[in-house]
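Written below as structure tokens is the structure these notes are about.
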Number of protein chains: 2
Amino acid sequence: MKNYKNILLTTDFGEESSPINERAVQLAKEQGAKLNLIHVAEYLYSYSYMAAVVSEAEIQKQLLEETKTQLAKLGEKLNVPPEQQYACVGTPKHEIIEKAKEIGTDLIVVGSHGRHGISLLLGSTSNAILHHAPCDVLCVRLKA
Amino acid sequence: MKNYKNILLTTDFGEESSPINERAVQLAKEQGAKLNLIHVAEYLYSYSYMAAVVSEAEIQKQLLEETKTQLAKLGEKLNVPPEQQYACVGTPKHEIIEKAKEIGTDLIVVGSHGRHGISLLLGSTSNAILHHAPCDVLCVRLKA
């Protein structure tokens with residue numbers, strides 16, 4: 001079996017997500033894989049209230065700019081070059097799956113949360129990715 | 001971040017599961033991890049019909065013996081020594097999670113199925129493991 005060649009690391013920029021990042025970087029190094037980074041800024045319907053002031057297109061543009069800035073910072077930290085950084089606006093599950101297909105990812109790295117004591121729940125986005133991914137998925141357990 | 005040290009490969013002995021096995025073997029090699037193998041023979045309530053002929057204890061014993069034999073074959077193929085083979089009878093989800101905790105596993109490798117065309121569903125056991133695992137989980141996508 002061949003090594004992974006094209007890893008897609010999903011990030012929500014959360015402080016607790018550094019074990020996910022570290023795991024993806026370590027695996028990419030060991031497997032000799034290209035490491036890609038994606039963040040999807042979720043477009044919330046509540047933003048439509050703002051549309052009275054600024055247009056929806058403007059809101060999306062601002063979300064995208066902000067995402068690109070944050071991705072660039074994280075990319076620098078993790079040694080992921082700009083052309084392997086993907087900033088998107090939309091529904092995280094959908095955008096991540098589509099990007100994985102588009103760039104031929106063979107491993108998606110997501111985080112999962114341990115919450116509510118014994119009952120461990122995956123984040124809903126991670127869960128959706130697990131069910132629809134075209135490839136392997138590594139679920140990195142975050143400590144509660 | 002440290003490499004994985006203790007990988008638990010779940011198997012259902014299915015013919016289609018060889019990509020899961022290969023991935024676990026490859027990762028264990030690259031990460032320098034100990035590879036453990038587990039199969040849980042599911043104890044079905046329908047077996048209780050048989051209890052009129054043979055005792056429940058006898059059924060469990062036979063299931064366990066059969067599991068051990070199959071595990072030994074697979075273990076030999078994958079170079080997993082007998083002391084790292086775990087044959088269990090019970091509820092797969094429960095037994096796998098308990099064994100993972102007991103032996104200090106840091107990565108559980110499971111399979112997921114692509115079925116029903118576009119809609120990809122994880123096997124229910126894999127899904128349950130993902131939600132209750134004390135550690136990372138690698139979900140190896142099997143082609144439909």
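The values are calculated or read from the model by the stated rules, or taken from the named source; none is laboratory data. Just so you know, these numbers come straight off a predicted model, no measurement behind them. Here the Cβ is made from the backbone with ideal geometry for all residues, glycine too, and neighbour counts use every protein chain on show. Remember, those area values only see protein heavy atoms, side chains included, never the ligands or the DNA or RNA. Shrake-Rupley method; radii C 1.70, N 1.55, O 1.52, S 1.80 Å.
Looking at the stretch A:107-133, which of the residues that are open to solvent by 40 Å² or more (accessible area, probe 1.4 Å) and more than 9 Å from chain B (Cβ to nearest Cβ) is modelled with the highest pLDDT? Per the stated criteria, the residue is A:T125.
So that you can scan it fast, the table gives a plain yes or no per residue for (1) at the interface with another protein chain (Cβ under 10 Å from one of its Cβ atoms); (2) basic (K, R); (3) in a helix (DSSP H, G or I); (4) surrounded by 21 or more Cβ atoms within 10 Å (Cβ to Cβ):
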residue	(1), (2), (3), (4)
B:K2	yes, yes, no, no
B:I7	no, no, no, yes
B:F13	no, no, no, no
B:E16	no, no, yes, no
B:E22	yes, no, yes, no
B:V25	yes, no, yes, no
B:N36	no, no, no, yes
B:V40	no, no, no, yes
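Being aliphatic (A, V, I, L, M), over 17 Å from B:A128 (Cα atoms) and modelled with pLDDT under 95 holds for only one residue in B:V80, B:V54, B:V25, B:V40, and it is B:V54. Suppose we filter the stretch A:79-106 for residues that are open to solvent by 20 Å² or more (accessible area, probe 1.4 Å), of a type in the set (A, V, I, L, M) and without any contact (Cβ under 8 Å) to a residue 60 or more places away in the chain; how many remain? The qualifying residues number 2.
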